[in-house]
1. So, in region 13-49, how many residues would count as being outside any strand (DSSP E or B), open to solvent by 60 Å² or more (accessible area, probe 1.4 Å) and free of Cβ contacts under 8 Å to residues at least 60 places away in the same chain?
2. Select, from Val153, Val121, Val114, Val135, the only residue that is in contact (Cβ under 8 Å) with a residue 40 or more places away in the chain, among the aliphatic types (A, V, I, L, M) and touching a strand residue (DSSP E or B) at 6+ places or on another chain (Cβ under 8 Å).
3. Which one of these is on the phi < 0 side of the Ramachandran plot and more than 18 Å from the chain's Cα centre (by Cα): Ser46, Ser99?
4. Please state which one of Ala144, Ala176, Ala139, Ala127 is out of contact with any Ser or Thr (no Cβ under 9 Å at 6 or more places or on another chain) and either surrounded by fewer than 12 Cβ atoms within 10 Å (Cβ to Cβ) or of a type in the set (A, V, I, L, M, F, W, C) (or both).
5. So if I check each of Thr107, Thr53, which one is surrounded by 13 or more Cβ atoms within 10 Å (Cβ to Cβ) and under 22 Å from Ala126 (Cα atoms)?
6. Identify all residues within region 67-93 that are open to solvent by less than 60 Å² (accessible area, probe 1.4 Å), in contact (Cβ under 8 Å) with a residue 40 or more places away in the chain, more than 23 Å from Glu111 (Cα to Cα) and not aliphatic (A, V, I, L, M); write none if there are none.
Amino acid sequence: VTAEDGSQFLRVKEAGSFSLQVSLDGLTSAAVTYTSARSSAAELVSFTVGDITAAPENGEIHITLPCNSALDPAGITPVITVSDKATVSPASETVLDFSDGAAKTLTVTAEDGVTVKTYQVTVTKAAHSFGEWTVSKEATCTEAGEKLYTCTVCNKTKAETIEATGHDWNETTTPATCGKAGSVDRTCKACGVTEHVKDLPATGN
């Protein structure tokens with residue numbers, strides 16, 4: 001490899017020991033032995049899910065997908081970047097299931113095969129952020145109504161039942177007389193329906 005000043009140097013691709021001799025114009029240098037060690041770097045550089053990329057903090061990565069994400073935590077295919085010449089298990093682009101909410105362990109092994117680091121990764125989906133509800137069907141005295149909540153992020157709706165209000169009765173009494181029975185009746189203030197409650201026997205002379 002030619003350096004900026006025009007000199008040349010060797011770049012070692014494999015670890016181990018090797019000897020080097022240089023020949024120039026019929027002259028050969030003495031052999032010099034060099035030792036190249038394997039890398040001990042075992043860092044998880046980044047973990048990418050869809051368009052979200054995160055780096056570990058204190059050995060942990062937490063990714064929260066927005067509620068409208070098309071990604072399913074049960075089948076996440078992350079792109080994992082690690083130190084040069086290191087390997088990671090499970091490997092990058094392996095499908096992982098995060099649906100149980102538990103952290104998954106990623107193990108990074110350095111090129112030297114000795115240095116190993118583990119990282120804990122969780123991927124969850126954010127809950128919907130439902131705002132104030134609106135009435136889609138008014139409840140009546142006898143029929144339930146319905147109200148809708150709308151997520152402020154993705155506009156997803158959820159419905160809840162509004163219980164029937166029940167009648168709001170107003171009782172009216174027709175007094176009994178000596179020769180005629182009376183009655184108690186009631187009328188709903190809201191819907192106007194009427195019901196007979198009971199008879200009142202004539203009082204007699």
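The values are calculated or read from the model by the stated rules, or taken from the named source; none is laboratory data. These figures come from a predicted structure and were not determined experimentally. Counting neighbours? That spans all protein chains shown, and the Cβs are built from the backbone with ideal geometry, glycine included. Just so you know, the surface numbers come from the protein's heavy atoms only, side chains and all, with ligands and any DNA or RNA stripped out. Shrake-Rupley method; radii C 1.70, N 1.55, O 1.52, S 1.80 Å.
1. Step one: of region 13-49, the residues outside any strand (DSSP E or B) are 13-15, 21-22, 25-26, 29-31, 37-43.
Next, only the ones that are open to solvent by 60 Å² or more (accessible area, probe 1.4 Å) stay: 13-14, 21-22, 25-26, 30-31, 37-38, 40, 43.
Filter again for free of Cβ contacts under 8 Å to residues at least 60 places away in the same chain, leaving 13-14, 21-22, 25-26, 30-31.
Of the residues in region 13-49, 8 are outside any strand (DSSP E or B), open to solvent by 60 Å² or more (accessible area, probe 1.4 Å) and free of Cβ contacts under 8 Å to residues at least 60 places away in the same chain.
2. After applying the criteria, what remains is Val121.
3. Ser46
4. Just a single option satisfies the conditions, and that option is Ala127.
5. Details: Thr107 fails: under 22 Å from Ala126 (Cα atoms).
The match here is Thr53.
6. Answer for region 67-93, where residues must be open to solvent by less than 60 Å² (accessible area, probe 1.4 Å), in contact (Cβ under 8 Å) with a residue 40 or more places away in the chain, more than 23 Å from Glu111 (Cα to Cα) and not aliphatic (A, V, I, L, M): Cys67, Ser69, Pro73.
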